[in-house]
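Chemist: I have a structure I would like to understand better, so I am pasting it below and will then ask my questions one at a time.
The values are calculated or read from the model by the stated rules, or taken from the named source; none is laboratory data. Here the structure is a predicted model, which means the values were calculated and not measured. Glycine also receives a Cβ, built like all others from the backbone with ideal geometry; neighbour counts cover every protein chain displayed. Note: areas computed on protein heavy atoms with side chains; ligands, DNA, RNA excluded. Shrake-Rupley method; radii C 1.70, N 1.55, O 1.52, S 1.80 Å.
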Amino acid sequence: MNPDLDALMPYPFEKLAALKAGVMPPEALAHIPLTIGEPQHEPYAAALESLHAHQHEMARYPATAGLPALRQAIATWASRRFSLTDLDPDTQVLPVNGTREAIFAFVQAALDHTHPARVAMPNPFYQIYEGATLLAGGEPLYLDCRADHGFRPDIDAVSPDTWRNVQIVFVCSPGNPTGAVTPIEDFTRLIELADEFDFIVASDECYSELYLDETMSPPGLLEACASLGRHDYRRCLVFHSLSKRSNLPGLRSGFVAGDASLIAPFKRYRTYHGCAMSLPLQHASITAWQDEAHVRANRDAYRKKFAAVTEILAPVMTFPTPEASFYLWPAVPGGDDETFTRDLYAQEHVSVLPGRYMSRDGTDGSNPGAGRVRLALVAEVEATVEGAHRIRRFLERR
Ligand SMILES: Cc1ncc(COP(=O)(O)O)c(C=O)c1O
């Protein structure tokens, strides 16, 4: 087998299982998992109806490029959402089976092994950026996201010598686990650096539709390009998904959009990879991208949960007011995220994820996730609120 597989780090949930091994939580309390970022709200029903209505199309092979109608629905959605005037559905859009596989596959397709190949990523980060880099034979460059820089990477702290070896920069906006949103100025600066040092900016925007202030939708990388008049989106790609937007994580549907000169070779790679989206799923996706009412209702449900949980936890923990995503990223009193996680589970049967499991030691040798935990507010409101009450009770008892 490929020896690079040994370079893959244990997944955060494996580490969590090891941390909790042997701990006996109180049986009288039902388990409340605030760990996995899987939406628990109702999936968008009309999309599921389309899926059923097109079942018979399972009898046909789908094409890698997807149906023209799907690419058009995506282009229409992205153009409206990010104020784009000329996104070409045929050359600048590609449907994918969720952002996870697309992020992984894109790194395999894009890294050039004949040159030093570093891939920059936020730290803490979504594990796939790192795993994809290691398996593609690249070297991760971790860009710390700390409170003193708004939980965003300080891109101007990276030296020109380092940038010279970077081939891809991952942005995660809104961020998992921090909820921080990349402002348009940061995107613009990254585009300047991409031109200067010839790298690709890959912006994972899979949480972009879960924002808390209805009047403040997070900006995107293509929007930054459009405002610069960069209509070929040169060196830029975005990754979007229906998983969080429409509560359809099992549909495995998303898209990649941007620079046609990156999309064409990526499509070619995918033709060999054999990962075209089945036709019923494509029809369900068209239905989902064409509707915004269910997305507004979804945001509303998250907003209510964030308000309730913030009120319960603010007196006992400090956390950045999240702008978007469905995560809270509090600092743990006492500063030890592993002890906090284990003791909370032992006493209150609530699971959270230690921040250090999602990050690596940063430039100053310390782990930027240590001392924080990630709470995923994905469950229905009662369970989430009950989880928050138990965390507060646990902290007040200490
Ligand atoms: C930051 C980030 N990117 C991508 C994904 C993958 O989502 P999907 O493959 O369902 O689109 C996730 C899932 O949790 C995530 O947190």
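Chemist: In the chain, what percent of the accessible surface is made up of carbon and sulfur (1.4 Å probe, ligands and nucleic acids excluded)?
Modeler: Its accessible area is 54 percent carbon and sulfur atoms.
Chemist: Using a simple spin-label model with points 7 Å from Cα along the Cα→Cβ vector, what separation in nm is obtained for residue 23 and residue 115?
Modeler: Those two pseudo-labels are separated by 4.6 nm.
Chemist: Another question about this same structure. Averaged per residue, what accessible area in Å² does region 298-377 show with a 1.4 Å probe, protein chains only?
Modeler: Averaged over the residues of region 298-377, the accessible area is 33 Å².
Chemist: Loop-only trypsin sites (Lys or Arg not before Pro) in region 34-132, please: DSSP not H, G, I, E or B, and at most 10 other Cβ atoms within 10 Å.
Modeler: Numbers: sites: 60, 71, 80, 81, 100, 118; in loops: 60.
Of the trypsin sites (Lys or Arg not before Pro), the ones in loops of region 34-132 whose Cβ has at most 10 other Cβ atoms within 10 Å are 60.
Chemist: Could you report region 1-69's accessible area per residue, 1.4 Å probe, as an integer in Å²?
Modeler: Ligands and nucleic acids excluded, the result is 67 Å² per residue.
Chemist: For region 1-88, what is the per residue volume of the convex hull drawn over the alpha-carbon atoms, in cubic angstrom?
Modeler: 291
Chemist: A further question on this structure: Using all alpha carbons of the chain, what is the percent of pairwise distances in each 20 Å bin, ordered from the shortest bin to the longest?
Modeler: Cα pair-distance distribution for the chain, in percent: 28, 58, 14, 0.
Chemist: Continuing with this model, one more query. For region 80-227, what is the Kirkwood estimate of the hydrodynamic radius, computed as the reciprocal of the mean inverse distance between distinct Cα atoms, to one decimal in Å?
Modeler: The Cα-based Kirkwood calculation yields 15.9 Å.
Chemist: Turning to a different aspect of this structure: Can you work out the accessible area per residue across region 100-244, with the rest of the protein chains kept in place, probe 1.4 Å, in square angstrom?
Modeler: Details: 4860 Å² over 145 residues.
Here the per-residue accessible area is 34 Å².
Chemist: Quick one: Cα convex hull volume of region 290-359, Å³ per residue? Walk me through the intermediate numbers first.
Modeler: Details: hull volume 8.8 nm³, N = 70.
Hull volume normalised by residue count: 126 Å³.
Chemist: Which of these, 310, 114, 178, has the largest mean-square fluctuation under a Gaussian network model of the chain (Cα springs below 10 Å)?
Modeler: Looking only at 310, 114, 178, the biggest GNM fluctuation is shown by 114.
Chemist: So if R0 is 25 Å, what FRET efficiency would residue 63 and residue 86 give, r being the distance between their Cβ atoms, rounded to the nearest 0.05?
Modeler: On the way: r = 24 Å, r/R0 = 0.95.
Given R0 = 25 Å and the Cβ-Cβ separation, E is 0.55.
Chemist: If the limit is 28 Å between Cα atoms, which of 15/304; 15/244; 20/304 go over it?
Modeler: 15/304; 20/304
Chemist: Additional query: Determine the relative contact order of the chain: mean sequence separation of Cα pairs under 8 Å and six or more apart, normalised by residue count, in whole percent.
Modeler: RCO, the chain: 26 percent.
Chemist: Antiparallel as a % of all DSSP beta bridges within region 46-291, to the nearest 5?
Modeler: Percent antiparallel among DSSP bridges in region 46-291 is about 35.
Chemist: Continuing with the same structure: Which whole-number percent gives the relative contact order of region 80-163, counting Cα pairs below 8 Å spaced six or more residues apart? Mind showing how you got there, number by number?
Modeler: Values: 75 pairs, mean separation 19.0, N = 84.
For region 80-163, the relative contact order is 23 percent.
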